[in-house]
Amino acid sequence: MYIKIIGMIILLNFTLHAEYTDIERIKDMQTMEQAMSKIQKGLLINDKKILIEGANQLQDITRKVEPPLDLNSVLAKENTYKYKFSRKQATKIIKFTGDIKREMEAGNKHSASKGFVNVLDECISCHNKIRKWQDK
């Protein structure tokens, strides 16, 4: 009986402190790309429902995404440059996505599309810094 309880506690501990894996990151990035596609489609066909669905999906997944671990750092994950930068970019993406939703609801499609470009710029900026796209 005690062995089962201890086993469950250990399993719960591993679950709560599990690392965010590369596989999860890739899946989440794919979800972000799909959400951006929905937002773009909503803008192009003037469909608020599709746009809002994509925007909500993007905001939700952006809160979850973390950069790859900096294995050379002696700092805690939360104190690394990659982590701090990615959190700053995530905050901007969430804000700009909220702007897109508000502008679309107000019927300001041009302003909503500018918000889309702002989000895209933040995505590219993060990929340049974290994934080092500029080196390719």
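The values are calculated or read from the model by the stated rules, or taken from the named source; none is laboratory data. None of these values were measured; they are calculated from a predicted model. In this analysis, Cβ positions are derived from the backbone assuming ideal geometry, glycine residues included, and neighbour counts consider all displayed protein chains.
Data table
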item: Test for Leu75: is it part of a helix (DSSP H, G or I), over 18 Å from His127 (Cβ atoms), of a type outside the set (Asp, Glu) and modelled with pLDDT under 85; result: no
item: Unique residue being within 30 Å of Glu19 (Cβ to Cβ) and either at pLDDT 95 or above or assigned to a helix (DSSP H, G or I) (or both) when the list is Lys95, Lys101, Lys41, Lys64; result: Lys95
item: Pair list, Cβ < 9 Å and 6+ apart or interchain, from the stretch 22-35 residues that are in contact (Cβ under 8 Å) with a residue 60 or more places away in the chain to residues that are surrounded by 11 or more Cβ atoms within 10 Å (Cβ to Cβ) and not aromatic (Phe, Trp, Tyr); result: Met32/Gln57; Met32/Leu58; Met32/Ile61; Met32/Thr62; Met32/Val65; Met32/Ile93; Met32/Cys123
item: Every pair of residues 6+ apart whose Cβ atoms lie under 9 Å, when the first sits in the stretch 100-115 and is more than 10 Å from Ala55 (Cβ to Cβ) while the second is part of a helix (DSSP H, G or I) and basic (Lys, Arg); result: Glu103/Lys109; Glu103/Lys114; Glu105/Lys48; Asn108/Arg102; Ser111/Arg102
